[in-house]
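Report on the following structure.
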Amino acid sequence: MSESTSCNSSACCGEVPSSEQHSQSDSVRQHVRESYAKVAEASNNNESCGVESSCCGVSEDIDINTLNSLRLGYSEEDLENVPKGADMGLGCGNPRAIASLKAGETVVDLGAGGGFDAFLAAREVGKSGRVIGIDMTPTMLSKARNNAEIAGFDNVEFRLGEIEHLPVADNSVDVIISNCVINLSPNKAQVFRDALRILKPGGRLAISDVVATCEMPEEMKNDPALYAGCMAGASLIADLEAMMQQAGFEQIRITPKDESKEFIRDWAPGKNVTDYVVSAHIEAIKPGQ
């Protein structure tokens, strides 16, 4: 990758972040944690979510969570095969569509939320496989664990942790999936470094996330609601490629989905976010094997 297309942030290029950057990262992380705690609490109470976007919540006339998930590429069968309450209508795609999961594999779901993708993955890997969901929001974690217990998923577990520092052993995972979560991290380069650490040689990433197609105005980048709503924190595609290459991934493919603008514009009406962001499939392989 040429110098003109590689990212120039200190986090991407491996420089040691300053104390001010650490403080900003902690502030961003706490805001995201609080926002998604409100989403989980609202879901438990069958209320609309606390995040300023229309990508979650329920209505008396239509189950918006179901509508959103169908728009993201899930099937009616998918929705019927997860515990009630696991689908909160969150996400920007269907990572399982590109994961090619196999029986017996170990899968980690970054930012597992209520467990929706984790439960679907568990059905694909079967009793001989294993799924580990990671989430930094205790309220979400409790919801996911409760869902697993009620539905009898004994090949799924949920762990409290940040996606930059995963509570998972080195070289122990076949596949990492994630749905619209990495954009929320204030240190995406570290997310990819730790993802590489836990993957087995030959292990693979299968991610749906929001990416930036051009530089966003500062007022959008600094809007807390747009950040928690999975838009303001999106990285440019070239920057993501650079981070993943520097982490050590190979066979990197980032495939923007222009059709995703149809639902992304609903997340922040009147703010023209689709001029800057789009959902994409992100795939890569850890060398080896």
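Brief remarks on what is shown
- Counting only helices (runs of 4 or more DSSP H) wholly contained in the stretch 65-172, the ones carrying 1 or more residues that are of a type in the set (S, T, N, Q) occupy 138-151.
- Test for Asp154: is it under 29 Å from Thr255 (Cα atoms) and either modelled with pLDDT of 95 or more or surrounded by fewer than 20 Cβ atoms within 10 Å (Cβ to Cβ) (or both): no
- Set side by side, the residues Ala280, Ala242 differ, and just one is at pLDDT 95 or above and in contact with a strand residue (DSSP E or B) (Cβ under 8 Å, 6 or more places away or on another chain), which is Ala280.
- The set of residues in the stretch 216-270 being of a type outside the set (A, V, I, L, M, F, W, C), buried (at least 17 other Cβ atoms within 10 Å of the Cβ), assigned to a loop (DSSP other than H, G, I, E, B) and touching a residue at least 12 places away in the same chain (Cβ under 8 Å) consists of Gly229, Gly233, Ser235.
- Qualifying residue in the stretch 183-204 (condition: in a strand (DSSP E or B) and touching a helix residue (DSSP H, G or I) at 6+ places or on another chain (Cβ under 8 Å)): yes
- As a summary of the residue check, Ile62 satisfies the conditions (1) more than 20 Å from the chain's Cα centre (by Cα); (2) at negative phi; (3) at pLDDT 75 or above except for the one numbered (3).
- Scanning the stretch 125-166 for residues that are charged (D, E, K, R) and closer than 23 Å to Ala99 by Cα, we see that the one that is nearest to the chain's Cα centre (by Cα) is Asp135.
- Within the stretch 245-277, the set of residues being in contact with an Asp or Glu (Cβ under 9 Å, 6 or more places away or on another chain) and farther than 20 Å from Glu218 by Cβ comprises Ala247, Gln251, Ile252, Arg253, Ile254, Thr255.
- Within the stretch 79-121, considering residues that are in contact with a helix residue (DSSP H, G or I) (Cβ under 6 Å, 6 or more places away or on another chain) and acidic (Asp, Glu), the one modelled with the lowest pLDDT: Asp87
- Restricting the stretch 256-289 to residues that are of a type in the set (Lys, Arg) and over 22 Å from Leu70 (Cβ atoms), the residue that is farthest from the chain's Cα centre (by Cα): Lys271
The values are calculated or read from the model by the stated rules, or taken from the named source; none is laboratory data. From a predicted model like this one, the values you see are computed outputs, not experimental measurements. We place every Cβ from the backbone using ideal geometry, glycine too, and count neighbours over all the protein chains shown.
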